[in-house]
1. I'd like the accessible area for residue 34: 1.4 Å probe, protein heavy atoms, all chains in place, Å² to the nearest 10.
2. Return a single number: how many Lys pairs in the chain, at a sequence separation of 8 or more or on separate chains, have alpha-carbon atoms below 19 angstrom apart.
3. From zero up to wherever the largest Cα-Cα distance of the chain sits, split into 5 Å bins and tell me the percent of pairs in each.
4. Could you state the angle between the C-alpha long axis of helix 68-77 and the longest principal axis of the C-alpha atoms of the chain, as a value from 0 to 90 degrees rounded to the nearest 10?
5. Given contacts defined as C-alpha pairs under 8 Å and at least six residues apart, what's the relative contact order of the chain, whole-number percent?
Amino acid sequence: MKITLYGKQGHAYTVAFKNFLNSTGVSYTYKDISKDEEARAHSKELYNGVAKFPTLFVDDKVYVTPTTEEFNKIMQDLKLRA
């Protein structure tokens, strides 16, 4: 399983999602779109020219700006627990 999270430092959902992923011990990649130009450009492609976050990638699936409820459901489906 390959997980990548695009977010921004200090953003509430980004921090919460990172904290959860860290607590599971699962390996994931984090990209801060305010510092990573490639991630910011990719985000703009996903959101029709606007860089938005968080964005969660799990294998070949893309979850655009998931809410906390959506994120929790995705984690349950992946059988990841804190």
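1. Number for this one is 60 Å².
2. Taking the chain as the scope, the lysine pair count is 26.
3. Percent of Cα pairs in each bin: 3, 15, 29, 28, 16, 7, 1.
4. The angle comes out at about 50 degrees.
5. Once divided by the residue count of the chain, the mean separation gives 35 percent.
The values are calculated or read from the model by the stated rules, or taken from the named source; none is laboratory data. Small disclaimer: the values here were computed from a predicted structure and weren't measured. Note: areas computed on protein heavy atoms with side chains; ligands, DNA, RNA excluded. Shrake-Rupley method; radii C 1.70, N 1.55, O 1.52, S 1.80 Å.
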